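The structure under discussion appears below in the form of structure tokens.
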Amino acid sequence: QVQLVESGGGLVQAGGSLRLSCAASGLTVSRYRMGWFRQGPGKEREFVGTISLTGGRTDYGDSVKGRFTISRDNAKNTVYLQMNSLKPEDTGVYYCARYTGGGAYYSTSSYDFWGQGTQVTVSS
């Protein structure tokens, strides 16, 4: 049974940092492209970034480029999202997900298994 569990969210002041973790079971993260998405209050789920199957390439949404970094620890079977220079508009529930292998990697419909999400709140 595939399970993705996010953790590391919380309340942080603007300009601060958080590192989110996505621990996987039932799948090996090094065998899949993995993605991070977020959903702010009253907003649609938004692409944050993705890490390739090999781990050699990452891509990010325009709103987080230069501030967020995705990495992976194969030994721990965990994907991370390092978030720096946080802004109030980064507030939302953050989800990790497994890419199906088809479709655009920035589209939610291209991912099949999702975690339950972790809340990030950035105060001004």
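Taking amide H as placed 1.01 Å from N in the peptide plane, the amide H of Gly10 sits under 5 Å from that of Val120, Thr121, each at least 5 places away or on another chain.
Derived scalar couplings between HN and Hα for segment 45-62 equal 5, 10, 5, 9, x, 8, 10, 5, 4, 6, x, x, 9, 10, 9, 9, x, 4 Hz in order, rounded to whole Hz, by the Karplus curve 6.51 cos²θ - 1.76 cosθ + 1.60 (θ = phi - 60°), x for Gly and Pro. Residue-wise HN-Hα couplings along segment 3-9, as the Karplus relation 6.51 cos²θ - 1.76 cosθ + 1.60 with θ = phi - 60° gives them from phi, are 9, 10, 10, 8, 7, x, x Hz; Gly and Pro carry x. What relative contact order, as a whole-number percentage, does the chain give when Cα pairs under 8 Å and 6 or more residues apart are counted? Normalised by residue count, the contact order of the chain is 35 percent.
Quick one: pull the percentage of alpha-carbon pairs in the chain with a separation above 26 Å. More than 26 Å apart: 13 percent of the Cα pairs in the chain.
Here, each number is a calculation from the coordinates, and none is a lab measurement. Since we're looking at a predicted model, the values are computed, not measured.
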